[in-house]
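Peer 1: Here it is: the structure, laid out below.
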Amino acid sequence: QVQLVESGGGLVQAGGSLRLSCAASGRTFSRYALGWFRQAPGKERDFVGAISRTGGNTYYSDSVKGRFTISRDNEKNTANLQMNSLKPEDTAVYYCAAGARIGVDRDEYDYWGQGIQVTVSS
């Protein structure tokens, strides 16, 4: 198993910034692509962005492109989601996930963190 733990969530004002971190343990983190998803109340869990095993390729949803940046440090078994220019519609529980390949579907990821709340006020 791969264990993933998110941290860095909280409450920020619209236009502000927040950085989420995902710490991994268990199996070697560098063997997996990493995805970020989010789920707002009453909504399905939607794709935010993903990064390849080596960090050479990234992909973002249209709703966050240009505002969010995914990075990873395989030596420290850590991945980050830098969120800038936050909007109220970004409010959700954010999840990191690990899988064999980069992808936009939940089924493409095998391991999930417990999620962390991000709230953006008007």
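Peer 1: Within the stretch 37-50, can you find the residues that are surrounded by 14 or more Cβ atoms within 10 Å (Cβ to Cβ) and of a type outside the set (A, V, I, L, M, F, W, C)?
Peer 2: If the condition is that a residue be surrounded by 14 or more Cβ atoms within 10 Å (Cβ to Cβ) and of a type outside the set (A, V, I, L, M, F, W, C), then ARG38, GLN39, ARG45, ASP46, GLY49 are the ones that fit.
Peer 1: Right, another one. Tell me the residue from ARG72, ARG19 that is of a type in the set (Lys, Arg) and within 17 Å of GLY99 (Cβ to Cβ), please.
Peer 2: After applying the criteria, what remains is ARG72.
Peer 1: Determine, yes or no, whether LEU81 is in a loop (DSSP other than H, G, I, E, B) and open to solvent by less than 10 Å² (accessible area, probe 1.4 Å).
Peer 2: no
Peer 1: Got a sec? Which of SER63, SER71 is surrounded by fewer than 17 Cβ atoms within 10 Å (Cβ to Cβ), modelled with pLDDT of 95 or more, on the phi < 0 side of the Ramachandran plot and part of a strand (DSSP E or B)?
Peer 2: Just one listed residue meets the conditions, SER71.
Peer 1: For LEU34, are the conditions met, namely being of a type in the set (A, V, I, L, M, F, W, C) and open to solvent by 30 Å² or more (accessible area, probe 1.4 Å)?
Peer 2: Against the criterion (of a type in the set (A, V, I, L, M, F, W, C) and open to solvent by 30 Å² or more (accessible area, probe 1.4 Å)), LEU34 does not qualify.
Peer 1: Given the conditions (1) under 19 Å from GLN114 (Cβ atoms); (2) modelled with pLDDT of 95 or more; (3) part of a loop (DSSP other than H, G, I, E, B), and given that PRO41 satisfies all but one, which numbered condition is not satisfied?
Peer 2: (2)
Peer 1: Return the pair list, or none, for Cβ contacts closer than 7 Å from residues in the stretch 76-89 that are on the phi < 0 side of the Ramachandran plot and modelled with pLDDT of 95 or more to residues that are part of a loop (DSSP other than H, G, I, E, B) and surrounded by 15 or more Cβ atoms within 10 Å (Cβ to Cβ), at least 6 apart or on different chains.
Peer 2: MET83/ARG67; ASN84/ARG67
The values are calculated or read from the model by the stated rules, or taken from the named source; none is laboratory data. Treat the numbers as computed from the prediction; the structure is a model and nothing was measured. No Cβ is skipped: glycine too gets one built from the backbone with ideal geometry, and neighbour counts run over all protein chains shown. Just the protein is used for accessible areas: all its heavy atoms, side chains included, with ligands, DNA and RNA removed. Shrake-Rupley method; radii C 1.70, N 1.55, O 1.52, S 1.80 Å.
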